[in-house]
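The values are calculated or read from the model by the stated rules, or taken from the named source; none is laboratory data. Since we're looking at a predicted model, the values are computed, not measured. Note that we place each Cβ from the backbone using ideal geometry, even for glycine, and neighbour counts take in every protein chain shown. Note: accessible area is taken over every heavy atom of the protein model, side chains too, but ligands, DNA and RNA are not part of it. Shrake-Rupley method; radii C 1.70, N 1.55, O 1.52, S 1.80 Å.
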Amino acid sequence: MSSLPLRVLSVIPPMTQLNTPYPSTAYLTGFLRSRGVTSFQEDLALALVLRLLSADGLRAVAERVAALPANKHSPAVQAFVAQQARYLATIDPVIAFLQGRDSTLAHRIVGRHFLPEGPRFSSLDVYLDEEGGDPLGWAFGALGLHDRAKHLATLYLNDLADVLRDAVDPRFEFVRYAESLAGSQPTFDPLAQALAAPPTLVDDMLLSLTEEALARHTPTMVLLSVPFPGAVYAAFRIAQTIKARDPGIITVLGGGFVNTELRELKDPRVFDYFDYVTLDAGERPLLSLLEHVQGKRSRQRLVRTFLRETDTGAVRYVNMVEPDIAFAEVGTPTWDGLPLDRYLSLLDMLNPMNRLWSDGRWNKLTVAHGCYWKKCSFCDVSLDYIGRYEGASAEVLADRIEAIVRETGQTGFHFVDEAAPPKSLKALATELIARNTGISWWGNIRFEKTFSPELCELLADSGCIAVSGGLEVASDRLLNLMKKGVSVDQVARVTRAFTDAGILVHAYLMYGFPTQTVQDTVDALEYVRQLFDNGCIQSGFFHRFACTVHSPVGQNPEEYGVTLKPLPPITFAKNDIGFHDPTGVDHDALGRALKKAIYNYMHGIGLDEDVRSWFPFHVPKTTVSRHRIARALSQRG
């Protein structure tokens, strides 16, 4: 047991968002401080990107590029070599511009003579008018100078990300870094091999940043929260560095990836890097672990914690059942210690709703824990983060919001619920209006009929600027099969009510659900076209259905007309599971057409065309009336 005073460092590992901190460390740090524990936090995802994307970082990249044979140069690398001096001269000013520290640079950027332009800039060609004029005029008009510059600067950074991937580390991406090493990997072998390999330039920079953070905070415990597979490899590299520097520092792994995929963890090699791995909401396991470290609790009394037995070396799961900390008592998250002025506001896509995920720094907050619906058959409803629904009063939430605004000086909020409850949002909106809070907020919802035009107006008055929600398959038959609890017509009426209130709407869409036919897919695209055409939604994204072991489909496949493929022996990650669908549809080919269509719809292109034109092969004519959504909207009220 440690005799040193507790000093807990919570770390955001690469890669997560670049425009705003991932909220896990803010929640944990706020909670621990509310319990009197000395706590700090670091965003090494942002720190790594800022070190790579600097003049010194690009000089190091240039050295790696120079060592590559010329026949190994990708188009992005070729462009970097040809314009290397311009990249070195512009990178620091561009970063300062995207951080909001040098807004006047926008004038030079939009002139198209300041930035070196690589392959990513070819995407602008799609916007050229017939006379070859201003490619961004349709999106930004004669003004919109700052946003034009932000979009061009984002293309510039994406070119550099391609150079990093092609010349320095083939696993590099701004979000999904080394994702394939962890997601649904049945064994630890791929990660172990990568961690044993000589470090790349990216690894070396992450090692230095880790050592600097340890020197700054001298922690006795480091918490690494990994929300996605794309943050796992870097988290293990960080833990590897910590153990090499000081094996006595306790390392703990948790987060969304762990909660979903490591529930059957058996590989003892994980514990060469981490002393403990905890599941689900972190507050209760962390409290029990801190008591154990202080000698107040035995290992046998830990909560939802994996560890390696010291005598046998075997992995053991310990779960002394204790109630979770009530959602109303977890405290207010704090961003103290994070460099809020150094995040990058990016503009990847010229769509007013889609930009919210990458542009601007949002205070992330949860209205309620879990999902109040928890019936959707594609969702991991058996897991804690979905299945345990618990809320807090509007007064408590408003108090948290006001405290966060005082601390950060920023009034933008992203409510990161699985699905924010309508009743809670109504009560919160009423409270925010009564207090004249003056915030802007957006979040994820279900397209419930409860969201009447009157409620949408109330939410807008309280500061709501956008919502996102799942339409999923855009087929009433399949919506019933997946127990979504909505119909296409209902979604049309609800989304239009939001739009009429001045609130932007994003629709999550799905293809490849069990028994989904080609006809279902074509009809779904026609529904989506009509939703865009009738001003119901402004943004959307099609993703391929994945069957997971924790979902109703994965647990009861016979109810959905599919059979599961056998899984290999699993000692590490377990989540996605293959299945046989008797329809035999090539969903991958259909998916490429769906994504192309919706990308164009988000830019106002092709809304008058027959949906069959997006498919490069024969598909049946849609069975949906071209005026179906218009009729549904006429029946409102």
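Taking into account only those residues within segment 405-422 that are in a loop (DSSP other than H, G, I, E, B) and open to solvent by 30 Å² or more (accessible area, probe 1.4 Å), which is nearest to residue 19 (Cα to Cα)?
Step by step, filter segment 405-422, then rank; the result is 410.
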Exercise. Evaluate segment 580-589: report whether one residue or more is over 23 Å from residue 491 (Cβ atoms), outside any helix (DSSP H, G or I), free of Cβ contacts under 8 Å to residues at least 60 places away in the same chain and open to solvent by less than 30 Å² (accessible area, probe 1.4 Å).
Key: no
Exercise. Starting from segment 1-23, keep only residues that are among the charged types (D, E, K, R), then list their pairs with residues that are at pLDDT 95 or above and part of a loop (DSSP other than H, G, I, E, B) whose Cβ atoms are within a distance under 9 Å, requiring at least 6 positions of separation or different chains.
Key: 7/37; 7/218; 7/219; 7/220
Self-check item: Where a residue in segment 186-197 is among the β-branched types (Val, Ile, Thr) and its partner, wherever it lies, is open to solvent by 10 Å² or more (accessible area, probe 1.4 Å) and assigned to a loop (DSSP other than H, G, I, E, B), with Cβ under 6 Å and at least six apart
Solution: 187/571
Practice problem: Inspect all residues belonging to segment 61-72 and state whether any of them is open to solvent by 20 Å² or more (accessible area, probe 1.4 Å) and on the phi > 0 side of the Ramachandran plot. | Solution: no
Quiz item: How many residues are under 18 Å from residue 373 (Cβ atoms) and either open to solvent by 30 Å² or more (accessible area, probe 1.4 Å) or more than 24 Å from the chain's Cα centre (by Cα) (or both) if we restrict to segment 453-490?
Solution: 12
Practice problem: Using the structure shown, decide if residue 572 is surrounded by 21 or more Cβ atoms within 10 Å (Cβ to Cβ), in contact with a Pro (Cβ under 7 Å, 6 or more places away or on another chain) and outside any helix (DSSP H, G or I). | Solution: yes
Self-check item: Within segment 249-354, strands (runs of 3 or more DSSP E) holding 2 or more residues that are hydroxyl-bearing (Ser, Thr, Tyr) and open to solvent by 10 Å² or more (accessible area, probe 1.4 Å)
Solution: 276-278
Practice problem: Confirm whether residue 62 is free of Cβ contacts under 8 Å to residues at least 60 places away in the same chain and more than 26 Å from the chain's Cα centre (by Cα). | Solution: yes
Practice problem: Please list, ordered by first then second residue, the pairs with beta carbon atoms under 9 Å, 6 or more apart or interchain, first in segment 206-229 and more than 20 Å from residue 287 (Cα to Cα) and among the acidic types (Asp, Glu), second open to solvent by 10 Å² or more (accessible area, probe 1.4 Å) and part of a helix (DSSP H, G or I). | Solution: 211/241; 211/245; 212/47
Quiz item: Considering segment 160-171 alone, what residues qualify as being open to solvent by 20 Å² or more (accessible area, probe 1.4 Å) and among the acidic types (Asp, Glu)?
Solution: 166
Quiz item: Which number in (1) touching a Lys or Arg at 6+ places or on another chain (Cβ under 9 Å); (2) within 18 Å of residue 174 (Cα to Cα); (3) not in a helix (DSSP H, G or I) marks the one condition that residue 57 misses?
Solution: (3)
Exercise. Those residues that are surrounded by fewer than 19 Cβ atoms within 10 Å (Cβ to Cβ), assigned to a helix (DSSP H, G or I) and modelled with pLDDT under 95, I need them from segment 172-216; list them, please.
Key: 179, 180
Quiz item: Quick check: is even one residue across segment 143-158 closer than 25 Å to residue 82 by Cβ, outside any helix (DSSP H, G or I), modelled with pLDDT of 95 or more and of a type outside the set (D, E, K, R)?
Solution: no
Practice problem: Among the residues of segment 423-443, write down those that are under 15 Å from residue 370 (Cβ atoms) and surrounded by fewer than 19 Cβ atoms within 10 Å (Cβ to Cβ). | Solution: 423
Quiz item: Does any residue of segment 37-49 turn out to be surrounded by fewer than 23 Cβ atoms within 10 Å (Cβ to Cβ), over 27 Å from the mean Cα position of the chain (by Cα) and free of Cβ contacts under 8 Å to residues at least 60 places away in the same chain?
Solution: yes
Quiz prompt | Failed criterion for residue 129 (all others in (1) crowded, with 18+ Cβ neighbours inside 10 Å; (2) modelled with pLDDT under 90 hold) | solution = (1)
Self-check item: Among the candidates 585, 528, 611, 562, residue that is closer than 24 Å to residue 627 by Cβ and more than 26 Å from the chain's Cα centre (by Cα)
Solution: 611
Practice problem: Out of the residues in segment 543-569 that are touching a strand residue (DSSP E or B) at 6+ places or on another chain (Cβ under 8 Å) and small (Gly, Ala, Ser), state the one that is least open to solvent (accessible area, probe 1.4 Å). | Solution: 554
Quiz item: When both residues are 6+ apart or on different chains and their Cβ atoms are under 6 Å apart, which pairs have a first residue that lies in segment 380-398 and is small (Gly, Ala, Ser), and a second that is in a loop (DSSP other than H, G, I, E, B)?
Solution: 382/550; 387/374; 387/381
